[in-house]
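Input: a single structure, listed below in structure tokens.
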Amino acid sequence: MNKKLLSAMCGLLACATAAFAHPNSSSMTNNSLPAAKVQHGEDCENDPLVQQADFSKVVPLPASISVGKGLFSMTAETAITYTPGADMQRNAEFLAQYVKDVTGMTLPVGTKGKTTIALRLEPKAKGFASPDAYRIAVTKKGITVTAKTAAGVFYGIQTLRKALPGIRHCANCKKVAPEVLWPLATVTDSPRFGYRGMMLDCSRHFWSVAEVKRVLDILALHNLNRFHWHLTDDQGWRFEVPGYPKLTTVGSKRAATVLGRNSELTDRTPYGPYFYTDAEIRDIVKYAADRYITIVPEVDMPGHMTAALAAYPELGCTGGPYKVGQYWGVYNDILCLGNPKTFEFIKAVIDKLCDLFPTSTYINIGGDEAPKVRWEKCPKDQALISQQGIVAKDGQSKEDLLQGYLARRVEAYLATKGRKVMGWDELLGCGVDTTATILSWRGAAPGAKGAQQGHDVVMSPTSNCYFDFDQSEDHAIEPTNCYGTLPIEKVYNWNPVADGLSEAAQRHIIGVQANVWCEYITMDHVLEYMILPRLAALSEVQWMQQDKRSWEGFVARETKLRNLYGIYGWTYAHHMWPDEFRKVAKQY
Ligand SMILES: [Zn+2]
């Protein structure tokens, strides 16, 4: 087998080796050390065991890197110390694990060493632009990471992790570096956006606890801090609500799933019951919180509710019967707001979400794609419209404004619990209060409009943030996906804050989020393939200032970062390395 082909195949297995550029490695080889036994190809064995760390190859690139002369030698006698506290101890243990994952070195935690990596929490420190900001100083005696918050220290640790030289390349590697050389340097960093998110759809396809945790690991590596968890939709309800047992006994399973993109055929195979128990959700919430990721739960209402209506048909306008959705798209049957029982149901759902997700300021109530055809004919909804004195205005129908009534009522209830409404940009069309935070998905224009009205906005347009879209125009060699194409360059070359937006409106754009809908994504390695490396590109959009970004620089950085994907066994797409992509995708 020729070496290039071997290398390309190795890359396909997320164990790429030869393609990596190891920074400044040529003079660092220590040939006197015995070669470590590796099981994954000759190239790994030929790599030098002693290499130099490189801050300039970190994704997202830190805001400022100042490199001096000289090196710090990190060895197994370098101890990780930390400001006392449970968060900081966990941070220290993460760092020790990361160093071991990448270099094989085992660093002592919390003890004295010849040299140290000191993790310092300094809540009153000055000069940090954000709670997530951090500073790294590398001197001859060691490394210091300083931040005002434990989260800031965590992002400093992520930068150290990503600056480490790729001694190991895949999960089976047993190589152990005797030392890592760090350039003397000062790194200061702070993110552009406070909300750096990704949404995962667990309704159309259910992801196990282990799979969700792997996604959270991927988010943490890329400095994301919000996981938007799409827990319900027409095709499945995925958590338990007291008083409504049929949500999970009936609503969490469908009789069959459509084949392809809404063909006439289904697979005639029952799917489910699939849902998360309370204990599983609490476990995931803690796993995320340990990585400074807040989970924002979503229950989409009043539309995308077929699974709940199948369980409780009295909550729909016609009374059903309804079936849990077997097809993709938008269903006409939505919650009947004229029925008081619907608000009892919504209250129970909100109470449960607030209990399960105690730290999320936002509770996402969806609000997208809610056809009003049932409400237009439903006497109960029309009575509520009359009772509330709702009349059509400014191009919005009275039924559109009835959805605003729902959103404001939920908003008022959430406010009593110290929470806020978040939802898709359709909320803007129904007269919702400006305290609602808007996810701009139908392009960036709704978000810009919402920001001008005074809403906080998270930009998540299909044009740049939908990772369920194909990664190239060559659709024949892409897995079956939603219609749409989103090459990684298009993710990267995008400014989420449009030119011409007033400064006040710009301040309302608080973040950027990727969305991963899972109608067609049904296997964990496909999920990873759709996310990586596009999420790396988006992480630079989320973290870096616009004028610091460059596609060429990103390609160089990501070419190093993917070594970590190999170590953790994550599958990733090769479109941004076209020579490799052609080899792995067209082997016929
Ligand atoms: Zn109705």
Here the residues within segment 346-361 that are in contact with a Leu (Cβ under 9 Å, 6 or more places away or on another chain) and not aliphatic (A, V, I, L, M) are Cys354, Ser360
If we keep only residues of segment 313-330 that are buried (at least 20 other Cβ atoms within 10 Å of the Cβ), away from the ligand (no atom under 11 Å from the Cβ) and touching a residue at least 60 places away in the same chain (Cβ under 8 Å), then the residue nearest to Asp278 (Cα to Cα) is Val324
Of the residues in segment 196-232, those that are of a type in the set (Ser, Thr, Tyr) and buried (at least 23 other Cβ atoms within 10 Å of the Cβ) number 2
Turns out the helices (runs of 4 or more DSSP H) fully within segment 332-390 with at least 2 residues that are of a type in the set (Phe, Trp, Tyr), within 16 Å of the ligand (Cβ to nearest atom) and in the same structural domain as Arg238 (by TED's automatic domain parsing) are 340-356
Across (1) within 15 Å of Leu219 (Cβ to Cβ); (2) in contact with a helix residue (DSSP H, G or I) (Cβ under 6 Å, 6 or more places away or on another chain), Asn495 clears everything bar (1)
Checked against (1) surrounded by 13 or more Cβ atoms within 10 Å (Cβ to Cβ); (2) more than 17 Å from Tyr312 (Cβ to Cβ), Glu264 satisfies every condition except (1)
Scanning segment 272-310 for residues that are out of contact with any strand residue (DSSP E or B) (no Cβ under 7 Å at 6 or more places or on another chain), of a type in the set (Gly, Ala, Ser) and surrounded by fewer than 20 Cβ atoms within 10 Å (Cβ to Cβ) gives Ala279, Ala289
Glu503 passes all but one of the listed conditions (1) touching a His at 6+ places or on another chain (Cβ under 9 Å); (2) without any contact (Cβ under 8 Å) to a residue 40 or more places away in the chain; the exception is number (1)
Across segment 538-585, the tally of residues that are among the polar types (S, T, N, Q) and surrounded by fewer than 21 Cβ atoms within 10 Å (Cβ to Cβ) stands at 5
Residue under question is Glu519, and the condition is that it be closer than 29 Å to Leu164 by Cα and in contact (Cβ under 8 Å) with a residue 40 or more places away in the chain; does it hold? no
Query raised in the report: With respect to Asp400, is the statement that it is in contact (Cβ under 8 Å) with a residue 24 or more places away in the chain, charged (D, E, K, R) and away from the ligand (no atom under 12 Å from the Cβ) true?
Result: yes
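Any idea how many residues of segment 153-175 are over 29 Å from Gln513 (Cβ atoms) and at pLDDT 95 or above?
From segment 153-175, those over 29 Å from Gln513 (Cβ atoms) are 165-175; that's our starting set.
Imposing the further condition that a residue be at pLDDT 95 or above reduces the set to 165.
Counting residues in segment 153-175 that are over 29 Å from Gln513 (Cβ atoms) and at pLDDT 95 or above gives 1.
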Of the residues in segment 280-304, those that are under 21 Å from Val421 (Cβ atoms) and acidic (Asp, Glu) come to Glu298, Asp300
| Any residue at all in segment 172-195 that is crowded, with 19+ Cβ neighbours inside 10 Å, of a type in the set (Lys, Arg), under 17 Å from Ala151 (Cα atoms) and touching a residue at least 40 places away in the same chain (Cβ under 8 Å)? | yes
Subset of segment 387-397, residues touching a residue at least 12 places away in the same chain (Cβ under 8 Å) and either in contact with a Pro (Cβ under 6 Å, 6 or more places away or on another chain) or among the small types (Gly, Ala, Ser) (or both), comes to Ser397
Matching residues in segment 81-113 (modelled with pLDDT of 95 or more and in a loop (DSSP other than H, G, I, E, B)) number 8
Regarding Pro302, is this residue more than 30 Å from Met88 (Cα to Cα), within 13 Å of the ligand (Cβ to nearest atom) and assigned by TED's automatic domain parsing to the domain that holds Lys417?
-> yes
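The values are calculated or read from the model by the stated rules, or taken from the named source; none is laboratory data. These numbers come from a predicted model, not from an experiment. In this analysis, Cβ positions are derived from the backbone assuming ideal geometry, glycine residues included, and neighbour counts consider all displayed protein chains.
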